[in-house]
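Working notes for the structure below.
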Amino acid sequence: MHSRHDPGFIPFRRELMRKSLHVLALVIPATMLFLGKLPSIFIFGSLALLAVVLDVLRAGKAPLNHWIADFFGSLMRPGEKEPPQGRVVVNGATWSLLSAFILILVFPVQVAAFAFTIFMLGDAAAALVGRRLGRIRLGRSPKTLEGSLAFLATALLISLLFPGINFWHGAASSLSACIAEALPRPLDDNLRVPLVAAAIMLAVQQL
């Protein structure tokens, strides 16, 4: 949901490729549900650590940065593949793995898996609908009302279908995630949105 004047803008076809990875990333919540909490903590903690180390290393090593850009550059935003100048640039995949690790570490498995799922699919829907149909900008943000509504609709549908989740609890979590996704900050939305969704879900479950 970026405009052509936004530094994070990438063509629609590349955005479609990026968001298709969100569907593949559903292996993360599936793993949480299938393996349970402790194995998932180990798996996603290890992957998140590896991703962070690679981002730190490529900040000072041009060959590594060029190798990553050659293989994954078409799926990265311009700001994520800047040449190394000693500054660490954390890419979206790293944020997603950090998010998965924190979710499974802090929250119950069902809540963690649900929050990650609604973000992955909701964000993909928001980006693609916002690019194609988005007309109403949300303030100065590149996000659009149409994209946010697509996010909410997708998350609500998941709330209906997700095993073991009360729909109304899911709806409250979905609405909070939609609002968090529309905001430009704080933190990267790959981290911010799932954590907000999980926190609200846990809160409403306690009511």
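The values are calculated or read from the model by the stated rules, or taken from the named source; none is laboratory data. These figures come from a predicted structure and were not determined experimentally. FYI the Cβ positions are ideal-geometry reconstructions off the backbone, even for glycines, and counts take in every protein chain you see.
Scanning region 179-203 for residues that are among the small types (Gly, Ala, Ser) and farther than 17 Å from Leu98 by Cα returns Ala180, Ala182, Ala203. Filtering region 180-207 to residues that are surrounded by fewer than 15 Cβ atoms within 10 Å (Cβ to Cβ) and either among the acidic types (Asp, Glu) or part of a helix (DSSP H, G or I) (or both) leaves only Ala203. When the criteria are applied in full, Ser74 meets the requirement of being modelled with pLDDT under 80 and either under 30 Å from Gly147 (Cα atoms) or not hydrophobic (A, V, I, L, M, F, W, C) (or both). One residue stands out in region 160-179 among those that are crowded, with 19+ Cβ neighbours inside 10 Å and in contact with a Leu (Cβ under 7 Å, 6 or more places away or on another chain): the one that is farthest from Ile118 (Cα to Cα), namely Cys178.
If you scan region 22-32, which residues turn out to be surrounded by fewer than 17 Cβ atoms within 10 Å (Cβ to Cβ) and part of a helix (DSSP H, G or I)? Before the answer, list the steps.
Applying the first criterion (surrounded by fewer than 17 Cβ atoms within 10 Å (Cβ to Cβ)) to region 22-32 yields 23-24, 26-27, 30.
Val23, Leu24, Val27, Ala30, listed by residue number.
Only one of these is in contact with a Phe, Trp or Tyr (Cβ under 6 Å, 6 or more places away or on another chain), in a helix (DSSP H, G or I) and farther than 18 Å from Ile28 by Cβ: Ser148, Ser159. Name it. First the steps, then the outcome.
On the way: Ser148 fails: in contact with a Phe, Trp or Tyr (Cβ under 6 Å, 6 or more places away or on another chain).
From the options Ser148, Ser159, the qualifying one is Ser159.
Applying a threshold of 6 Å to beta carbon distances and a minimum spacing of six or more residues, or different chains, the list of pairs starting in region 170-191 at a residue that is more than 15 Å from Leu156 (Cβ to Cβ) and at pLDDT below 90 and ending at one that is buried (at least 19 other Cβ atoms within 10 Å of the Cβ) and among the charged types (D, E, K, R) reads Ala182/Lys143; Asp189/Glu181.
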